[in-house]
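Read the structure below first, then the notes.
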Amino acid sequence: MCIRDRYKEDPKRVYYLSLEFLLGRMLQNALVNIDLEGKYKEALGDLGFNLEDVYEEEVDPGLGNGGLGRLAACFLDSLSTLEIPAWGYGIRYNYGIFKQAIRDGYQVELPDYWLSRGNPWEIERCDATVNVHFYGRVEKYNEGGNERFRLADYDTVQAMPYDIPIPGYNTFNTNNLRLWRACPSTEFDFRSFNAGDYFGAVKIKQKAESISSVLYPNDMSYEGKELRLKQEYFFCAATLNDIVRRFKKSSRHTWANFSEKVSIQLNDTHPAIAIAELMRILLDDEKMPYPEAFNIVSQTFSYTNHTVLPEALEKWDVALL
């Protein structure tokens, strides 16, 4: 069944959150899944080209570097093949993997800018941009006798979505992988520039774009820990905003049936902050009582654990949060 027909039935949707997606080269996978590899090979042969040579021209998307990312990619393929309405969510890294080289007898890691020639598979969705807030302070206020909280004096980073189609095998069904790129809310500070602070004029832009620049920034320093936490919150906050927006578009939906229509799968510990973010949305934005919000959240999330080694389980200082 076509995914568009399934959506008309208002089915439950699966949302798969992963900090990595090791997709591999997508042309061959797409041609095999839609049963067109033979025809493409024949057509290119008539033109004097070899399909295998064309495959080699494609650049691997730099969105992951290990088993965690490969599992996520396989999950998306399976969800599409099984015709399960689903969305994958991740980050559109500039440098998600690295090149290896040998220098003076030692292995060295070099950046691999996989987007140097663009990505033909992605669709930029400027119409679905999300604002994500950082820093600031929490204000308490009273509303109808209830204590409420809101964030004030915050910095805003825009999350720009890029969609990649994931076709299923031997089916008309195609799901979507949505990747977020961090963009500044202000591109250029003219006041700083006119005052002679040329680096300060682009500081906001550089600070925002650093969030989606590198997969797993080194967290040995305080700054590195802060960047990694910002990266994870940026990804989860934008994703939850998108999920809630899509849920609220249907007049048939009420918060009482949220967990009947939405299932969120967390791939390892990195997206775990999404649980707290959904609680914040329900309590602060939707003005929901705590017991009701907690009940919805506890029935919405599922979690895949990849290891119990202490060094792999993330911990954050209270001061960072």
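The values are calculated or read from the model by the stated rules, or taken from the named source; none is laboratory data. Keep in mind that this is a model prediction, so the values were computed, not measured. For neighbour counting, all protein chains shown are included, and Cβ atoms are generated from backbone atoms with ideal geometry for every residue, glycine included. Note: accessible area is taken over every heavy atom of the protein model, side chains too, but ligands, DNA and RNA are not part of it. Shrake-Rupley method; radii C 1.70, N 1.55, O 1.52, S 1.80 Å.
Here are a few things to note about the model shown:
- Computed over the stretch 34-145, relative contact order equals 18 percent, with contacts defined as Cα pairs under 8 Å that lie 6+ residues apart.
- Accessible surface, 1.4 Å probe, highest first, among residues 253, 133: 133, 253
- For a paramagnetic label modelled on residue 124 (point 7 Å from Cα along Cα→Cβ), amide N atoms under 16 Å away belong, within the stretch 91-117, to 92-94, 115-117.
- For the chain: relative contact order, % (alpha-carbon pairs under 8 angstrom, 6 or more apart): 19 percent
- Quotient of C-alpha Rg and 2.2 N^0.38 Å, computed over the stretch 225-321: 1.15
- In Å², nearest 10: area of residue 140 left accessible to a 1.4 Å probe: 140 Å²
- Longest segment of the chain lacking GluC sites (Glu not before Pro) that sit in a DSSP loop with at most 11 other Cβ atoms within 10 Å: 10-186
- A straight Cα-to-Cα reach below 18 Å connects residue 207 with the lysines 225, 230, residues fewer than 8 places away in its own chain not being considered.
- Pairs of Cα atoms nearer than 8 Å and 6+ residues apart set the relative contact order; for the stretch 197-271 it is 23 percent.
- Rounded to the nearest whole angstrom, the semi-axes of the ellipsoid equivalent to the chain, taken from the Cα gyration tensor as √(5λ), stand at 34, 28, 19, largest first.
- Percent of Cα pairs exceeding the 20 Å cut-off, where the set is the stretch 64-120: 47 percent
- Chymotrypsin sites (Phe, Trp or Tyr not before Pro) within the stretch 27-63, DSSP loop, no more than 14 other Cβ atoms inside 10 Å: 49
- Cleavage-rule hits (chymotrypsin sites (Phe, Trp or Tyr not before Pro)) in the stretch 220-273: DSSP loop, at most 14 neighbouring Cβ within 10 angstrom: none
- Each Cα pair of the stretch 4-61 feeds into the Kirkwood radius, which the Stokes-Einstein equation turns, at 37 °C and 0.692 mPa s, into a diffusion coefficient of 230 µm²/s.
- Solvent-accessible surface (1.4 angstrom probe) belonging to residue 103, in square angstrom, nearest 10: 130 Å²
- For the stretch 129-136, the Karplus equation 6.51 cos²θ - 1.76 cosθ + 1.60, evaluated at θ = phi - 60°, returns couplings of 5, 10, 8, 10, 9, 10, 6, x Hz by residue, with Gly and Pro reported as x.
- Under conditions of 25 °C and 0.890 mPa s, the stretch 99-162 yields 146 µm² s⁻¹ as its translational diffusion coefficient, taking Rh as the Kirkwood radius over Cα pairs in the Stokes-Einstein equation.
- Cα-based values for the stretch 1-137, radius of gyration first and Dmax second, are 18.8, 65 Å.
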